[in-house]
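Have a look at the structure below, then the notes.
Coordinate-derived values only; no laboratory data. Keep in mind that what you see is a predicted model, and the values were worked out from it rather than measured. Quick reminder, even Gly has a Cβ in these numbers, built from the backbone with ideal geometry, and neighbours come from all protein chains shown.
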Ligand SMILES: Cc1cc2nc3c(=O)[nH]c(=O)nc-3n(C[C@H](O)[C@H](O)[C@H](O)COP(=O)(O)O)c2cc1C
C-alpha cells in the first residue's frame, strides 16, 4: 500500500532551465512551437500529448489526453470521435483548456480557448495519413459508449475489416472528426530552484497578445 507519507515525501528541485523576459517569444504560439520542438528533440514519449479539459452545461469539468496533430493559422488541431463525451460537452459548452506537461523538461503549458469542428476536407486529409488498422479502429469504436465485452469491440473491427477489404482507401466514419482550438490565453511554466518558478501568462486583446509574469 502506498502510504500518505510516501507521497508527501516525493519532491524534486527544478534546475534545468530559465524562462525570462529576454528569452520568451512575443507570440505565445511561437513559444509553444519552441517548447514542442525541445520536447521532440529530447525524445520524450508522446511529446504532443496534451490534457483536454471540457465542461458540461452545469460547469462540471472532465479531462482526458488527446494528441496535438497540427498548429495551423494559430489554431491547435486534434482528432476524435464527434459523438464522444468530450464532443458532447464541447457542443454544450464551447470552451476548452489544454495542458502540456513535460516532466523531464520541468515545463508546463496551459492554454484556454474556443474549439470549432474541423471541416471534412481537413479531417479526410489527416485520416488518410493514419495506418489502416487505426482507420478501422475509428470505424469499430463508438467512443464513450458502454461495451458488453472486449469481444464485441474486436468483432466490430473484424466486420469493418471485411467490409473494406477491397477498398484501397477507407472512408472517414461520419462520427469521426476533429477540432481546431483558437487560444485566447496561454501560460508557460518553467520549474526553478526553491519553488521560485518562472511563470508567464499571455492574453489575447484587440491590440495583440499581452504578457505578464505571474507569481508562481
Ligand atoms: C497518450 C494518449 C493519447 C490519446 N490520444 C487521443 C486522441 O488523439 N483522440 C482521442 O479521441 N482520444 C485519445 N486518447 C484517449 C482519450 O484520453 C479518451 O480516453 C477518449 O478520447 C475518450 O474520452 P471522452 O469519453 O471523454 O470523450 C488518448 C489517450 C492517451 C493516454
Going through the range 122-151 in order, the residues found to be over 23 Å from the mean Cα position of the chain (by Cα) and either surrounded by fewer than 11 Cβ atoms within 10 Å (Cβ to Cβ) or over 21 Å from residue 82 (Cα atoms) (or both) are 146, 148, 149, 150, 151
The range 109-125, residues that are in contact with a helix residue (DSSP H, G or I) (Cβ under 9 Å, 6 or more places away or on another chain) and either outside any strand (DSSP E or B) or closer than 26 Å to residue 42 by Cβ (or both)
109, 111, 118
Residue selected from the range 80-108 under the condition surrounded by 20 or more Cβ atoms within 10 Å (Cβ to Cβ) and part of a strand (DSSP E or B), by the criterion farthest from the chain's Cα centre (by Cα)
107
Of all residues in the range 135-172, how many are within 16 Å of the ligand (Cβ to nearest atom), free of Cβ contacts under 8 Å to residues at least 60 places away in the same chain and in contact with a helix residue (DSSP H, G or I) (Cβ under 9 Å, 6 or more places away or on another chain)?
9
For the structure I just gave you, tell me whether residue 186 is in contact (Cβ under 8 Å) with a residue 40 or more places away in the chain and touching a helix residue (DSSP H, G or I) at 6+ places or on another chain (Cβ under 6 Å).
yes
It is to be established whether one or more residues within the range 104-118 are more than 16 Å from the ligand (Cβ to nearest atom), touching a residue at least 60 places away in the same chain (Cβ under 8 Å) and more than 26 Å from residue 199 (Cβ to Cβ).
yes
Give the range 34-60 a look and list any residue that's surrounded by 12 or more Cβ atoms within 10 Å (Cβ to Cβ) and more than 21 Å from residue 118 (Cα to Cα), or say none.
34, 35, 36, 38, 39, 44, 47
